[in-house]
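Take a look at this one; I'll ask things after.
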Amino acid sequence: MSTKKQLSERESIELLDILQLRFEKNKSRHQNLNWTEIEEKLKANHSKLWSLNEMEASGGEPDVVDYDKKTDEFLFFDCSPESPKNRRSFCYDRDALDSRKENKPQNDVLTYASEIGIEILDETQYRFLQTLGKFDLKTSSWIKTPKEIRELGGALFCDRRYDTIFVYHNGANSYYAARAFRGVLRV
């Protein structure tokens, strides 16, 4: 992960080209949205562009999936077919990471998401993503966990199997090579 939170002009142009190509290739995800408006917002907000670059670099393949009229924000979700490959094998949060005595993963989901300026999807957002395609057919993704569950040591994750979206639980300190998290960024 980069320590500077701003892209060079060349990096910005390259990322915008990637995002525009993905936008045009996947029009079904955003039928009533206009790339020019999205690009203008991105160019005006360097920190959001940096966050999108971090999503891209970690394998998330971010794409615009919605527009929030109330807040005048475009929503980018990780749209990689499987959970982002460079965010796998993380436990749920810092408390879970700190509780592990042996075989600690290199990071936790909530800390990493915060470091790159995004939030993890909640169950409603995850289910919405699944209306746009078929994701996590071989992997799974941690999702925001209600406080009551987390206080008891658990955390939630989702995947798609048998053409159905499943929500499961695990100990928050667990981690797996096939589980990452999907993020959302508001621009």
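The values are calculated or read from the model by the stated rules, or taken from the named source; none is laboratory data. All values reported here derive from a predicted model rather than from experimental measurement. Here the Cβ is made from the backbone with ideal geometry for all residues, glycine too, and neighbour counts use every protein chain on show. For the accessible areas, the whole protein counts, side chains as well, though only heavy atoms, and no ligand, DNA or RNA atoms are used. Shrake-Rupley method; radii C 1.70, N 1.55, O 1.52, S 1.80 Å.
Enumerate the calculated ³J(HN,Hα) couplings along the stretch 61-76 in order (Karplus 6.51 cos²θ - 1.76 cosθ + 1.60, θ = phi - 60°), each rounded to whole Hz, writing x wherever the residue is Gly or Pro.
6, x, 8, 6, 10, 6, 10, 9, 5, 4, 9, 6, 10, 8, 10, 9
With every protein chain present, what accessible area does GLU82 have (1.4 Å probe, heavy atoms only), rounded to the nearest 10 Å²?
50
If you fit an axis through the alpha-carbon atoms of helix 9-25 and take the longest principal axis of the Cα set of the chain, what angle between them do you get, 0 to 90°, nearest 10?
90
Answer with a single label: of [x] 9.9; [y] 12.8; [z] 10.9, which was calculated as mean projected area of the Cα convex hull in nm² from the structure in view?
[z]
Amide H neighbours of GLU82 under 5 Å, at least 5 residues apart or on other chains, H built in the peptide plane: list them.
ASP136
Using a Cα-Cα cut-off of under 16 Å, which lysines could be cross-linked to LYS138, ignoring same-chain neighbours fewer than 8 residues away?
LYS85
I'd like the Karplus ³J(HN,Hα) series for the stretch 110-116: coefficients 6.51, -1.76, 1.60, θ = phi - 60°, whole numbers in Hz, and an x wherever there's a Gly or Pro.
Per-residue couplings from phi come out as 5, 5, 4, 4, 4, 4, 9 Hz.
On to the next question. Of LYS4/LYS25; LYS41/LYS134; LYS25/LYS134; LYS48/LYS69; LYS5/LYS25, which pairs sit farther than 23 Å apart, going by alpha carbon to alpha carbon?
In this structure, LYS4/LYS25; LYS41/LYS134; LYS5/LYS25 exceed 23 Å between Cα atoms.
Something else about it: For the chain, what does the helix formula give at 222 nm: sum of -39500 (n - 2.57) over DSSP H segments with n ≥ 4, over the residue count, nearest 500 deg cm²/dmol?
It comes out at -9500 deg cm²/dmol, rounded to the nearest 500.
Please identify, among SER83, SER58, SER99, the residue showing maximal mean-square fluctuation in a Gaussian network model of the chain using a 10 angstrom Cα cutoff.
The residue that fluctuates most here is SER99.
Here is a follow-up. Suppose each label sits 7 Å from its Cα in the direction of the beta carbon; what would the SER99-THR36 distance come out to in nanometres?
Modelled inter-label distance: 5.3 nm.
Something else: Rolling a 1.4 angstrom probe over the protein chains, ignoring ligands and nucleic acids, what is the accessible area of THR71 in square angstrom, nearest 10?
In the full protein context, THR71 sits at about 70 Å².
Right, next: With θ taken as phi - 60° and the coefficients 6.51, -1.76 and 1.60, list the Karplus ³J(HN,Hα) couplings across the stretch 171-187 in order, rounded to whole Hz; mark glycine and proline as x.
x, 4, 8, 7, 7, 9, 5, 10, 10, 10, 8, 10, x, 10, 10, 9, 10
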